[in-house]
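The values are calculated or read from the model by the stated rules, or taken from the named source; none is laboratory data. All figures in this text were calculated on a predicted structure; none of them were measured in a lab. Methodologically, a virtual Cβ is constructed for each residue, glycine included, from the backbone with ideal geometry; neighbour enumeration extends over all protein chains shown. Heads up: the accessible areas ignore ligands, DNA and RNA and are worked out on the full protein's heavy atoms, side chains in. Shrake-Rupley method; radii C 1.70, N 1.55, O 1.52, S 1.80 Å.
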Amino acid sequence: MHLLIEAIGFGVASGAVLALGAVGFTLQFGISNVLNITYGSLMTLAAFLGAFLLGLGLNVWLVMALGGLLIGVASVALNRGLLSPLIRRGLQPFGLIIVTVSAGIVVQYMIVAVAGPSTVAYGNLSGATLHFLGWTLTTAQVVILVVALVLMVGLHILLTRTQLGRAMRATSSNRTLARSCGIATTRIGDIAWFLSGTFCGMAGIALAITVESFDFTLGSVVLIPIIAAAVLGGVGQPYGAMVGGLVVGIVSQVSAAYWSPSYENVVALAMLIVMLLVRPRGLFGANSSSRKLLA
Amino acid sequence: MPTSSDSGGRETPALAVQNLVAGYGDFAVVDGVSLEVPVGKVVAVAGPNGAGKSTLLKAMLGIARVMSGKVLLDGQDVTSAPLEKLARLGVGYVPQLDDVFDSLKVLENLEMGGYLCNRVERQRRIERVLQVFPQLQAKLHRYAETLSGGERKMTAIARVLMLDPKILVLDEPTASLTPELSRVVLEEQVRPLSAMGTSVLLVEQKAVAALAIADWAYLLVRGRVEVSAPAAEVLSDPNMREIFLGRAAAEVAARSVDAE
Ligand SMILES: Nc1ncnc2c1ncn2[C@@H]1O[C@H](COP(=O)(O)OP(=O)(O)OP(=O)(O)O)[C@@H](O)[C@H]1O
Ligand SMILES: [Mg+2]
């Protein structure tokens, strides 16, 4: 029993990072309908940028915020510079996926070219170990949990209480109709890509903080549970992705505790496949075909 | 400035198309249509299913591909202009399908309709459109995808009224409304709007109801204008009436198929 409670604690902590990543992934997909596999490499880029910024002596949480902003900009550049022009020329969704896969590999090897293939470590940033609810978490994990929570609440307020957020959901729901209301959907797309990149970057750095060390494969490995979390929640639905992240995190950690840590990703993939078999529209998509970005 | 020779001396139409050829990909559905919506008038377009009525509207709004010809707004060339720009110029549009934001609440649909105006004005307009459609009051916090067909249409029309449009482009706005509500929408909403200066381009299956509030009528068959006449004339002439009611329109269509 104690083992289970501990594992759930770890699951919540790692789930928070997955949730951050999954929300960013799904937010952008919900609005632009592009399955962006480059996302994983952008997370890796964030982790390496984080190492560089930490080397300059900056505070780790400032680094996380800065990394988020920088990856946000990179994400907009990816869309504006590469994907949008291809869509305008009529490239179909499948072709676009191949492009994002390729761009991801290019980014990955650019990182290797600059930083080398060896592992990188942020050093011990965990802080004091905290005990509560039977959980044992580091201060860093708790801060990440709180940051993730704040970002999710912030996103919720943005999407439901502001005219900009409603316009984002309207664009996700029906782009032509949104344009007919005067909504500049290209700008909405930029904002979605930026927010998505910000979540991606912050998740990448949060992940780098919580692992002992990482290399250029960091993002491409974690992309699998992130996509699993997004699918679990119903692709395009931020709330679903939040819950999906937690579920994948907890199930992975519990199975790691009772079974073997090396099966973590296998469990995530198995969940993904089972989910697609039984509820292709996600946990909350049972009676809805069109619900995107919240409902 | 009037741009075509036959409009010399008349007021510039609010909306006009000249020799419009438009469709999807390389396939032309609209085949050389010219049409005018004078300021403050209601213009009805009728025609059989698949005639290209919706495509004509989409081409005018830059949604379907324009292959040749021009779209003029207040005499200004807006061919293939972005839809959001047309909205800013005061063009409101209710599509035949996908006419609401499914994953938004009814109230949020209305708020999106008033996207271009400030919060105070938006609130004022919401109260106004709710007087038009009091049935929506109880549904404000329902997601649009959970509405009935008629409630959806009401939401769609209420949403476009939120824009306070100068030019209103309606693609079968009364489909799935009861006859009574169709009458209310056409006679008590669309008609008075035009009296207040709004120009309306109306595609309607309920041809008689549409003609009753229209100033001018076009009959579109296989992407071409077959008849262009004052609505009152069409209504009073039994032959014309027949044509617009569809039976003969189908014959015209059949004849042009034979001709190929
Ligand atoms: N997105 C599309 N891609 C390709 N062809 C289309 C598309 N939309 C419509 N068409 C074709 O264009 C033709 C005209 O369609 P349109 O919707 O304009 O007809 P309509 O007059 O509005 O008919 P209805 O009265 O049934 O609404 C049809 O033959 C249709 O198959
Ligand atoms: Mg139609």
Taking the Cβ-Cβ separation of A:ASN33 and B:CYS117 as r and a Förster radius of 41 Å, what is the calculated FRET efficiency to the nearest 0.05?
0.90
Roll a 1.4 angstrom probe over the protein heavy atoms and tell me the percent of accessible area of the protein assembly as shown that is carbon or sulfur.
62
Expected integer from the mean partner chain Cβ neighbour count at 10 Å over B:85-95 is 3
Most to least accessible of B:ASP98, B:ASP74 (protein chains only, probe 1.4 Å)
B:ASP98, B:ASP74
If packing is taken as the average number of other Cβ atoms within 10 Å across a peptide's residues, how do B:222-233, A:117-128, B:202-213, B:110-121 rank, most packed first?
B:202-213, B:110-121, B:222-233, A:117-128
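Summed for both chains, how many Å² of accessible area, to the nearest 100, are buried between B and A with a 1.4 Å probe?
Numbers: alone 12420 and 13500 Å², together 23670 Å².
The buried area between B and A, both sides summed, comes to about 2300 Å².
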Exercise: per-residue mean of other protein chain Cβ atoms within 10 Å, B:109-120
4
Assuming R0 = 45 Å, can you tell me the calculated FRET efficiency for the pair B:ALA138 and B:PHE27, based on Cβ-Cβ distance, to the nearest 0.05?
0.50
Inter-part gap, Cα centre of segment B:200-215 to Cα centre of segment A:68-84, in whole angstrom, is 48
Projected onto the charge dipole of the protein assembly as shown (+1 at Lys/Arg Cβ, -1 at Asp/Glu Cβ, origin at the Cα centre), which of A:SER173, A:GLY81, A:THR198 gives the Cα projection farthest towards the positive end?
A:THR198
Taking a probe of 1.4 angstrom, what is the accessible area of A:ILE5 in Å², to the nearest 10?
60
Amide H of B:VAL29: which non-local residues (sequence gap of 5 or more, or other chain) have their own amide H closer than 5 Å, using H built in the peptide plane?
B:ALA22, B:GLY23, B:TYR24
Just to be sure I understand: with springs between alpha-carbon atoms less than 10 Å apart, which residue in A:SER180, A:SER102, A:SER220 has the highest mean-square fluctuation in the Gaussian network model of chain A?
A:SER180
Highest GNM mean-square fluctuation among B:SER199, B:SER182, B:SER68, for chain B with Cα springs under 10 Å, belongs to B:SER68
For segment B:15-259, what is the relative contact order in percent, using Cα pairs closer than 8 Å and at least 6 residues apart in sequence?
27
Obtain the nm distance between the two label points defined at A:LEU4 and A:TRP259 by a simple spin-label model: each point lies 7 Å from its Cα along the Cα-to-C-beta direction.
1.7
Cα centroid separation, segment B:217-234 to segment A:1-27 (Å):
64
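For Cα pairs less than 8 Å apart in space and 6+ apart in sequence, what is the mean separation divided by the residue count of chain A, i.e. the relative contact order in percent? Provide the component values of the computation, followed by the final result.
Numbers: 499 pairs, mean separation 110.5, N = 295.
Normalised by residue count, the contact order of chain A is 37 percent.
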Karplus ³J(HN,Hα) for segment B:157-165 (6.51 cos²θ - 1.76 cosθ + 1.60, θ = phi - 60°; Hz, whole; x = Gly/Pro) runs 6, 4, 4, 6, 5, 4, 6, 6, x
What nm distance separates the two modelled labels at B:GLU127 and B:SER80, each placed 7 Å from Cα along Cα→Cβ?
4.6
Averaged over the residues of B:150-163, the number of partner chain Cβ atoms within 10 Å of each residue's own Cβ comes to 1
Out of A:ALA19, A:ALA167, A:ALA113, any idea which swings most in a Gaussian network model of chain A, alpha carbons joined below 10 Å?
A:ALA113
I'd like the projected area of chain A, averaged over all directions, using the convex hull of its alpha carbons. Report it in nm² with one decimal.
15.7
Name the residues of segment A:95-128 whose amide N is less than 14 Å from a point 7 angstrom out from the Cα of A:TRP61 along the C-beta direction?
A:126-128
In order over segment B:59-72: 3J(HN,Hα) from phi, Karplus 6.51/-1.76/1.60, θ = phi - 60°, whole Hz, x for each Gly or Pro, gives 5, 4, 9, x, 8, 8, 7, 8, 8, 7, x, 10, 10, 10
Rounded to the nearest 5, what % of the DSSP beta bridges within the protein assembly as shown are antiparallel ones?
65
So, taking all protein chains as they sit and a 1.4 Å probe, how much accessible area belongs to A:VAL243, in Å² rounded to tens?
60
Please work out the average accessible area per residue across the protein assembly as shown, using the 1.4 Å probe convention, and give it in Å².
43
Students often forget the sequence filter, so: which lysines lie under 28 Å Cα-Cα from B:LYS53 once same-chain residues fewer than 8 apart are removed?
B:LYS41, B:LYS70, B:LYS85, B:LYS153, B:LYS166, B:LYS206
